[in-house]
Amino acid sequence: MRMLSFDASAQGWAVIGSGSEMAKANGDTILRSFNELNNWMKNARERGFIVALNDHIRELQTPHHCNRLILPGIDNPEKV
């Protein structure tokens, strides 16, 4: 599977994963989250890094936040 795009902005994006857990956000949000790591480190120790990162990302996003993730279809055309 390839990620073709994330969000409609030109900010870039990041996907951080460990096992089956995954955090994803636009570049500015991820950078801000890492810069504010001391604010959510206790949560990371208690709940796990990826879970705490997702919690923090949700705190930073506005109520009207919208991300768009486009993944290719899994169906192959019958004829090419």
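The values are calculated or read from the model by the stated rules, or taken from the named source; none is laboratory data. What you are looking at is a predicted structure, and each value in this text was computed from that prediction instead of being measured. FYI the Cβ positions are ideal-geometry reconstructions off the backbone, even for glycines, and counts take in every protein chain you see.
With respect to being at pLDDT 95 or above, in contact with a strand residue (DSSP E or B) (Cβ under 8 Å, 6 or more places away or on another chain) and either polar (S, T, N, Q) or in a loop (DSSP other than H, G, I, E, B) (or both), Asn67 falls outside the description.
Being buried (at least 18 other Cβ atoms within 10 Å of the Cβ) and either out of contact with any helix residue (DSSP H, G or I) (no Cβ under 6 Å at 6 or more places or on another chain) or part of a helix (DSSP H, G or I) (or both) is the filter here; which residues of region 25-39 pass it?
Narrowing region 25-39 to residues buried (at least 18 other Cβ atoms within 10 Å of the Cβ): 25-26, 29-30, 33.
Residues satisfying the conditions are Asn26, Thr29, Ile30, Ser33.
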